[in-house]
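Beneath this line is the structure, given in structure tokens, with notes to follow.
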């Protein structure tokens, strides 16, 4: 899918792990939305509050059950995107996501993920 991943905004190696931010969907930056007055300020405030809540969630300890639930929500969100055909969804579920899950869950869970809360949403 050309253009799906626009590349890393930043990638940092921290003592507690790695931090990576990428742009996946076109949208409006918070600065541009405020400057242009669109969408309306109350919608921008609500979107900002959701983003802040998602970031606060990363400060919470995680558990194996929470990690499994977050992974399933994220995988369902990815597979539910309208860009996939049914055969591509099947390929994702059978061949792509299981080994990805195995590689991403080798270590015990430490903090919560935030990806699934923003799939397909833009300001």
FRET efficiency for residue 83 and residue 58, Cβ-Cβ distance as r, R0 = 35 Å, nearest 0.05? 0.85
Roughly what % of Cα-Cα distances in segment 27-117 sit above 17 Å, to the whole percent? 62
Burial-style ranking of 69-75, 102-108, average other-beta-carbon count within 10 Å with highest first, yields 69-75, 102-108
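Just so you know, all these numbers are worked out from the coordinates, no wet-lab data involved. These figures come from a predicted structure and were not determined experimentally. Cβ coordinates were reconstructed from backbone atoms using ideal geometry, including for glycine residues, and neighbour counts include every protein chain displayed.
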